[in-house]
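See structure below.
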Amino acid sequence: MIIKASRRSGATQLGLHLLKTENEHVEIHEVRGFVADDILGAFKEAQALAMGTQCKKYLFSVSLNPPQTESVRPEIFETAIDAIEKRLGFEGQPRVIVFHEKEGRRHAHVVWSRIDMETMTAKRVEFFKSKLNELSKQIYLENGWAMPKGFENPNLRDPTSFTLKEWQQAKRVGIDPRELKSAVQDCWKRSDGATAFSNALEERGLYLARGDRRGHVVLTLDGEPFALSRLIDGKSKDVNAKLGDPNQLRSVDETKALIGDKIAPRLSSYIKEAKRMAVNAMKPLIEQRQKLTDAHQSARKEFDAKIKERWDNEQLERSSRTRKGWAGVWDFMTGRYFKVRKQNELEVQFAKERDRTERHGLITSQLKERQDLQANIKTARRREAEQVLALYRDAAKFRRMREGREQVPARVRDKGLDLG
């Protein structure tokens with residue numbers, strides 16, 4: 001599992017962060033070594049203890065994130081936490097363990113107090129990042145999980161971490177020159193002069209202009225110029241004969257500005273409409289997510305209540321086996337008391353394991369439901385984001401063209417615009 005850690009201060013802030021209701025489920029798994037049995041109280045104790053030292057960052061916070069596709073039992077988390085504790089020298093230190101669930105992912109947070117109460121000094125934590133990185137790899141290997149590529153090669157990373165600019169570059173497409181050539185030749189054949197040809201081109205999203213060195217050129221919506229004679233497999237004198245002197249046309253830069261003036265204002269309304277449609281498309285999924293969260297929380301409360309009721313009844317039954325008074329003395333002398341105690345201990349151990357297994361089964365089934373829904377949410381988000389980002393990219397491009405700042409590489413791109 002991925003392990004991240006940091007030294008922390010701000011007891012109240014960290015406590016509130018761990019209890020945030022933006023998580024769909026928050027489970028306080030353990031509060032150990034503190035007088036208080038709640039998170040905020042425990043962290044305030046650590047803060048008060050640190051006031052007797054020179055330590056400013058008196059807490060050590062760790063998050064443990066297993067693979068989303070794996071069903072990880074609490075015991076696996078506990079084993080990992082104990083290994084972290086041993087490797088960092090925190091054995092016996094007060095700690096808090098909290099489980100969070102959000103968007104179909106279950107992860108854990110553990111926070112230790114760094115203050116040693118016997119020496120009133122802070123536990124030193126050196127090279128913890130490299131130590132935890134090694135431990136993380138070890139946990140993947142021990143549990144047979146697929147190793148993240150980032151561990152195999154530090155240059156590999158999840159593409160979801162790209163910046164907006166990187167995302168746009170990755171999604172950029174071009175024009176298929178075969179489509180371009182076919183469209184221009186069709187316009188050429190059904191036109192009898194410069195005006196008709198220019199109008200036919202604009203119907204296809206293309207513009208006739210005066211090239212810097214190539215006479216007549218055709219510009220795409222992206223502002224890329226192509227020599228007209230090459231597109232129609234003709235000669236410059238044939239083009240001039242049909243269309244006239246190219247000096248009567250707008251220059252490439254002037255045509256780019258014209259394209260920007262025509263297209264840029266429209267894109268603002270397109271972006272607003274795309275955002276509105278994206279919000280409407282997400283509403284049913286968001287409502288479904290909230291209903292699922294409420295249902296899961298209700299199911300867990302009901303399950304915990306049933307487990308507690310069963311446990312109390314079983315405890316009552318076990319207690320009834322131990323007789324009181326002279327009968328109890330007789331049982332002790334004859335050895336019956338020890339047999340009953342052994343039976344009770346075995347039943348308690350079995351009951352605890354049974355309850356933990358049943359609860360883990362419930363959590364696993366709920367996580368599966370939530371992950372299925374999250375997959376749909378991610379697909380919808382990605383689809384809507386791609387549409388909006390494409391519009392933003394186009395809007396920026398046409399603004400640059402309008403302002404004369406658009407620089408287009410002098411090459412023909414391979415794929416892209418459908419020219420009909």
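Is region 345-353 home to any residue that is small (Gly, Ala, Ser) and exposed (fewer than 14 other Cβ atoms within 10 Å of the Cβ)?
no
List the number of the failed condition for Gly15; all other conditions in (1) loosely packed, with under 15 Cβ neighbours inside 10 Å; (2) part of a helix (DSSP H, G or I); (3) under 24 Å from the mean Cα position of the chain (by Cα) hold.
(1)
Out of Val62, Val110, which single residue is free of Cβ contacts under 8 Å to residues at least 60 places away in the same chain, in contact with a Ser or Thr (Cβ under 9 Å, 6 or more places away or on another chain), buried (at least 20 other Cβ atoms within 10 Å of the Cβ) and under 30 Å from Ser365 (Cα atoms)?
Checking each option against the conditions leaves just Val110.
Among (1) in contact (Cβ under 8 Å) with a residue 24 or more places away in the chain; (2) in a helix (DSSP H, G or I); (3) surrounded by fewer than 16 Cβ atoms within 10 Å (Cβ to Cβ), where does Ile28 come up short?
So Ile28 meets the others, but not (2).
For region 33-66, which positions are of a type outside the set (Gly, Ala, Ser) and either assigned to a strand (DSSP E or B) or not assigned by TED's automatic domain parsing to the domain that holds Met120 (or both)?
Within region 33-66, Leu59, Phe60, Val62, Leu64, Asn65 qualify.
Can you find a residue that is exposed (fewer than 14 other Cβ atoms within 10 Å of the Cβ) and over 30 Å from Arg204 (Cα atoms) anywhere in region 236-256?
No: region 236-256 contains no residue that is exposed (fewer than 14 other Cβ atoms within 10 Å of the Cβ) and over 30 Å from Arg204 (Cα atoms).
Quick test for you: out of Ser298, Ser365, pick the one residue that is loosely packed, with under 11 Cβ neighbours inside 10 Å and within 51 Å of the chain's Cα centre (by Cα).
Ser298
Confirm whether Ile271 is buried (at least 16 other Cβ atoms within 10 Å of the Cβ), over 30 Å from Asp372 (Cβ atoms) and in the same structural domain as Gln366 (by TED's automatic domain parsing).
When the stated conditions are applied, Ile271 passes them.
Whether any residue in region 211-231 is loosely packed, with under 15 Cβ neighbours inside 10 Å, modelled with pLDDT under 80 and part of a helix (DSSP H, G or I) is what I want to check.
no
Here's the yes/no breakdown for (1) in contact (Cβ under 8 Å) with a residue 40 or more places away in the chain; (2) among the β-branched types (Val, Ile, Thr):
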| site | (1), (2) |
| --- | --- |
| Val218 | no, yes |
| Glu224 | yes, no |
| Gly244 | yes, no |
| Lys272 | no, no |
| Lys291 | no, no |
| Glu302 | no, no |
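Does Arg8 qualify as being under 24 Å from Asp355 (Cβ atoms) and either among the hydroxyl-bearing types (Ser, Thr, Tyr) or not assigned by TED's automatic domain parsing to the domain that holds Ile286 (or both)?
No; evaluated as a whole, the condition is false for this residue.
The values are calculated or read from the model by the stated rules, or taken from the named source; none is laboratory data. Only a predicted model underlies this, so the values are computations on that prediction, with no experimental measurement involved. We place every Cβ from the backbone using ideal geometry, glycine too, and count neighbours over all the protein chains shown.
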